[in-house]
Amino acid sequence: MSYNAEDPTTWPAFKPTIIAHDVGRSRDRSTAVVGGNSPYGQRLLGIGEAVELPQNLYGTARASALAAVDRKYYCNALIVADLSNDATYAEVLFDTFGPRVIGLHISRYGDGINAEWRPVKHGHLPVYTIGRTYLLELLHSELQSDLVRFADGDMMRRAYAQLANLETEFRESGVIYTCPPGQHDDLGISCAILAWAARHPHLQSWVRNLPAAPRRRKQPPKFGWGAFT
């Protein structure tokens, strides 16, 4: 398959591969969205695969489901996980993936620049705090600048719809993005987490914790899809 900058499924690798992991509440699915920066020096972000993990998984079982996604990418991806709803999950993730794990706490405020180092059994885990609105607007800015390329697939369409359906509320404190009643935003939030991680100033220091692995990755199936407008 020849390289096509518009289609991340043709990219030989991401630089680096990032798995963004949104941890769902009890009624939501946890998700894994895989992608990363273009390997050819272009300032493009590719989103190659979106996965909804099985429902009613917690702790080690949820981390094992995430590890199945990780194995498709040679166990050589950064794992960027939302720990907002379950801080104890950091311990399980570190046991499963080691220092490849980067924690994110999504709250009302924060720019996600500086980390708090949280102790876990076998080391320390960096956890960054970022406002939900700030996180979503980072992705929106990349989309408006035409710097995001999506693979094709039903799950990517679902992520698209979740982001497109977010409701905007203007308050004195600023803009708030909310999920409509009865709908979900887990895949969309994972896309935003991926974009945040791919553009983060600490990315190169995170990459130093990755093991050596083959550059070639397995390709998700192709469908027909484009980027947000």
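Worth a mention:
- Cα-based equivalent ellipsoid of the chain: semi-axis lengths in Å, sorted from largest, via gyration tensor: 23, 23, 17
- Here the chain exposes an accessible surface that is 50 percent carbon and sulfur, computed with a 1.4 Å probe and the other protein chains kept in place.
- 15 Å reach of a label modelled at Glu137, 7 Å along Cα-to-Cβ, counting backbone N of segment 163-184: 168-178
- Segment 69-158 - Rg over Rh from alpha carbon coordinates, Kirkwood radius: 1.02
- When both bridge partners sit in the chain, DSSP labels roughly 60% of those beta bridges antiparallel.
- Shape class of segment 125-204 from the Cα gyration tensor (axes a ≥ b ≥ c, square roots of the eigenvalues): oblate, since a/c reaches 1.5 or more and a/b does not exceed b/c.
- Each 10 Å bin from zero holds the following percent of Cα-Cα pairs in segment 127-171: 21, 49, 28, 2.
- Cα gyration tensor category, rounded, prolate or oblate, for segment 1-134 with a/c compared to 1.5: prolate
- Mean accessible surface per residue for the chain, computed with a 1.4 Å probe while every protein chain stays in place, in Å²: 48 Å²
- The local environment of Ala81, defined by Cβ-Cβ distances under 14 Å, has a net charge of -4 under the rule Lys, Arg +1 and Asp, Glu -1.
- In terms of the mean number of neighbouring beta-carbon atoms within 10 Å, the peptides 199-209, 4-14 order highest first as 4-14, 199-209.
- When Tyr40, Tyr128 are compared by accessible surface with a 1.4 Å probe, the order from highest to lowest is Tyr40, Tyr128.
- A simple count of charges around Pro99, restricted to other residues whose Cβ falls under 15 Å of its Cβ and scoring Lys, Arg +1 and Asp, Glu -1, yields +1.
- For segment 113-146 and segment 25-103, distance of Cα centres in Å: 14 Å
- Over the C-alpha atoms of segment 165-207, the Rg to Rh ratio, Rh being the Kirkwood estimate, stands at 1.13.
- Sites Ala68 and Ser173, calculated FRET efficiency, Cβ-Cβ separation with R0 41 Å, nearest 0.05: 0.50
The values are calculated or read from the model by the stated rules, or taken from the named source; none is laboratory data. As the structure is a prediction and not an experimental result, all values here were calculated from the model. Note that each Cβ is placed from the backbone with ideal geometry, even for glycine, and that neighbours are counted across all protein chains shown. Calculation scope for accessible area: heavy atoms of the full protein, side chains included, ligands and nucleic acids excluded. Shrake-Rupley method; radii C 1.70, N 1.55, O 1.52, S 1.80 Å.
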